[in-house]
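Accompanying notes for the structure given below.
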Amino acid sequence: MLPILRSRQLAQRCLTQNKRLLTPYSFATDRHGSMLNRASPPPIQVLLTESAGRGVFATRKIESGELIHTAKPVVSHPLLSSIDKVCYYCLKNTPKGSNFEAQKVLFCSEECREQAKGFYEVEKEADWSAFIAHCRTRSLKYPFLAKRLACMVISGVTSADSLNVFQPALLSPQIISQYPYLPKQNSVTNDISQMEEELDLLRCALEGSGMKTEHLSFLTIEWYTGVLSRIRINAFRIELAGGSSYEDLLTSAYASVESEASVGNAVYMLPSFYNHDCDPNTHIVWVENVDAKLKALRDIEKGEELRICYIDASMDHDARQNILSSGFGFKCSCPRCLSND
Ligand SMILES: [Zn+2]
Ligand SMILES: [Zn+2]
């Protein structure tokens, strides 16, 4: 497993010079992006910059260790290997009940079961075995996020263009289809046809459950590749902090989080606007479930850009540059990289 925490925009932006406020992005909370405390909004704003796309900036001094905000995912999904271990909605570790086989998925609480109705009522009517087999044999994880999003669209809890707020993805079909690190045996044509095959399997499963064609009209190849490419560059790999308590994470600014293995993947709205830095001032953590917590790693001055590290920061300069360029499509020019560290 490569030490990638997340994927990001192509024309990645490590430069904050020439910052110019074009339009403050409204991060007002909605049901997908609730903040920790609605009474006091988080001390950040998303700005469009001239040279670096969107970025997140401090609106006041933020102290080391401070919890900046939390974020709920727009869409999330457990890994296949975690389906029998974590909540199907919030990814919290959940013991299997005696009726697990009959129910096939776990929910940690009635609240999660209720929340999951937005996709699960549609999903549970369909036979997904061919879709799952296709993804399992190719070790694909992102199509499951696309599938969940499709079910959410059908049940009306989100719109088909809900991911369009993210940067248009300009990645090649090969990267989108999730094979950036494999030898290039697959031609671009094959990558596209693989996505067509996935979409067919997705559509067939839904049609087989008696879904009316008009409810599936949004499932075009343009929709699927657009969604998959945005997921590919914006998804976070969720690693729960396990034994660390919430307080530990907040008080020990530099404590490394003892992560358990990845349990799933998720796409968030606000956290997606954080740019990358190999020596970041902000950290994203998951304590017990898929809700992301953004925490200051050191004192951050008012007006300073908040950045997270998309990869394992302990790698050396060349390894970081390789992964950032092959998997994320940009050359990092953060201060640490510029000093050849
Ligand atoms: Zn749950
Ligand atoms: Zn760097």
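No lab work stands behind these numbers, since they all come straight from the coordinates. Source: prediction; values computed, not measured. Positions of Cβ are generated from backbone atoms using ideal geometry, with glycine treated the same way; all protein chains shown enter the neighbour counts.
A few comments on the model shown:
- Reach of residue 302 by Cα under 28 Å, taken over lysines that are not fewer than 8 positions away in the same chain: 19, 61, 72, 293, 331
- Straight-line cross-link partners of residue 117 among the aspartates and glutamates, defined as a Cα under 13 Å from its Cα and at least 8 positions apart when in the same chain: 125.
- Note on the stretch 74-234: Kirkwood radius taken over Cα pairs, Stokes-Einstein applied at 10 °C and 1.306 mPa s, translational D equal to 96 µm² s⁻¹.
- Using 0.36 nm per residue and subtracting the Cα-Cα separation, the extra length available between residue 339 and residue 84 on full extension is 87.2 nm.
- Each of 273, 306, 284 was placed along the dipole of the stretch 259-341 (beta-carbon charges, centred on the mean Cα), and the one lying farthest toward the positive end is 273.
- Modelled this way, with points 7 Å down the Cα-to-C-beta line, the labels at residue 48 and residue 117 are 3.9 nm from one another.
- Each label was represented as a point 7 Å from its Cα along the Cα-to-Cβ direction; for residue 161 and residue 279 these points are 4.3 nm apart.
- Estimated FRET transfer efficiency when R0 is 56 angstrom, pair residue 197-residue 302 (beta carbons, to 0.05): 0.65
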